[in-house]
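See structure below.
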Amino acid sequence: MVASSASFGIGVALVVGVIGTSVIHLSKGVMKLGIVRMREDRGPSMYVAGMLMNFTNPLWVIIANRFAPTVYYTSMYGLGLVSLLVFSRLVLGEHLDRRRIGGALIVVVGTLLIGAARITSPASPLFLANRTTVLVIAGAWALAAPAVARLMRGAPIPAQELMFGLLGGGLAALEAILKGVSQSVDGAASFLPGAGPDWWIFAVSFLGAAGAFGMIQWSYLRRCRVAIMAASYDVSYVALPLLVTALAVSGERVNALSVLGLLVLGSGAFFTQGTSVSLERLEVGKDPGE
């Protein structure tokens, strides 16, 4: 009966992960569309719509954490790249050659491998984690992200896409991680924190979401392509919870299938980066279909 309940919870978390990642990935494309159409009447409303879609991310995390450890939700994140690729190509008109499409599909395969790894080797809930270890990692990443992004100024666009994606995805992952740490009552998963200190961690977690949102907007100002940036974003979003869980939860390990999945994820992000000089066919105020 307990095993059946655990399997049900994992199933719910995986389904929420698929729904959440699809909404969040599409939000990036909708915001970018709003930016390039900002001089038109529909531009601001499109941007706001994308922003509101993006702000639903904490909701999906909270729901998924109630039913299963955080890594089950985050392991599904790469699947949303498929919907964003279609949107970016058909609506945004971004140039996506075979190498980049193939790389994105490799990211999806890596995501599925990691999801399978967590099903075959159940993960520990993050509320069992050493909170000091988690907070040190979160603080170091939060400080490093803007500093590295500033250093990337003037770097080739593909390099900026890779780095903005990794940094932003890590900040978003830290939101999910900190919520996973805080969402417990009497040693069991809950929708909201129970103890006072956990409420502080829960509140701080929203800074991760804010940082990821800011990193995305910053990348748009650097004219990064949303579909290419999203591939590396997914890598750190999926990988960081696995690594933090292994470091902060006693007895937790990253198994061989997860390592394989991470290697596949990394190679997929590498293949999405290219040297094409055609960075973007869109110009502000022009229809993406032109």
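The residues on offer are Arg66, Arg98, and the sole one that is free of Cβ contacts under 8 Å to residues at least 24 places away in the same chain and basic (Lys, Arg) is Arg98. Residue count for region 135-151 satisfying the condition of being surrounded by 18 or more Cβ atoms within 10 Å (Cβ to Cβ) and out of contact with any Gly (no Cβ under 6 Å at 6 or more places or on another chain): 4. For region 182-200, the criterion of being in contact with a Leu (Cβ under 6 Å, 6 or more places away or on another chain) and either outside any helix (DSSP H, G or I) or modelled with pLDDT under 95 (or both) is met by none of the residues. Any chance region 44-56 includes a residue that's touching a helix residue (DSSP H, G or I) at 6+ places or on another chain (Cβ under 8 Å), touching a residue at least 12 places away in the same chain (Cβ under 8 Å) and over 20 Å from Tyr220 (Cα atoms)? Yes, region 44-56 contains a residue that is touching a helix residue (DSSP H, G or I) at 6+ places or on another chain (Cβ under 8 Å), touching a residue at least 12 places away in the same chain (Cβ under 8 Å) and over 20 Å from Tyr220 (Cα atoms).
Please enumerate the residues belonging to region 218-235 that are in a helix (DSSP H, G or I), surrounded by fewer than 24 Cβ atoms within 10 Å (Cβ to Cβ) and in contact (Cβ under 8 Å) with a residue 24 or more places away in the chain.
Narrowing region 218-235 to residues in a helix (DSSP H, G or I): 218-221, 226-235.
Now restrict to residues that are surrounded by fewer than 24 Cβ atoms within 10 Å (Cβ to Cβ): 218, 220-221.
Trp218, Tyr220 - these are the residues of region 218-235 that are in a helix (DSSP H, G or I), surrounded by fewer than 24 Cβ atoms within 10 Å (Cβ to Cβ) and in contact (Cβ under 8 Å) with a residue 24 or more places away in the chain.
Using the structure shown, decide if Ile177 is surrounded by fewer than 24 Cβ atoms within 10 Å (Cβ to Cβ) and not charged (D, E, K, R). The answer is no for Ile177. The condition of being under 16 Å from Thr245 (Cβ atoms), out of contact with any Cys (no Cβ under 8 Å at 6 or more places or on another chain), at pLDDT 85 or above and among the small types (Gly, Ala, Ser) holds for only one of Ala149, Ala117, Ala144, that being Ala117. Of all residues in region 92-108, those satisfying the criterion of being touching a helix residue (DSSP H, G or I) at 6+ places or on another chain (Cβ under 6 Å) and among the β-branched types (Val, Ile, Thr) are Ile106, Val107, Val108. Beta carbons closer than 7 Å, at least 6 apart along the sequence or on distinct chains, pair a first residue in region 146-158 that is more than 15 Å from Gly168 (Cα to Cα) and touching a residue at least 24 places away in the same chain (Cβ under 8 Å) with a second that is among the hydrophobic types (A, V, I, L, M, F, W, C) and assigned to a loop (DSSP other than H, G, I, E, B) for Ile157/Cys224; Ile157/Leu279.
When Gly214 is tested against (1) under 27 Å from Val36 (Cα atoms); (2) at pLDDT 90 or above; (3) among the small types (Gly, Ala, Ser); (4) buried (at least 21 other Cβ atoms within 10 Å of the Cβ), exactly one condition is not met: (4).
With the structure loaded, tell me whether Arg153 is assigned to a helix (DSSP H, G or I) and among the basic types (Lys, Arg) or whether it fails that test. It would help to see each step written out before you state the result.
Values: assigned to a helix (DSSP H, G or I): no; among the basic types (Lys, Arg): yes.
Here the answer is no, as Arg153 does not meet what is asked.
Among the residues making up region 120-134, those that are surrounded by 16 or more Cβ atoms within 10 Å (Cβ to Cβ) and modelled with pLDDT under 95 are Ala123, Ser124, Pro125, Leu126, Phe127, Leu128, Ala129, Arg131.
Taken over region 158-217, the criterion of being farther than 19 Å from Leu135 by Cβ and in contact with a strand residue (DSSP E or B) (Cβ under 7 Å, 6 or more places away or on another chain) is satisfied by Ser190 alone.
The values are calculated or read from the model by the stated rules, or taken from the named source; none is laboratory data. The structure displayed is predicted, hence computed values, not measured ones. Using ideal geometry, Cβ is built from the backbone for each residue, glycine included, and neighbour counts are taken over all protein chains shown.
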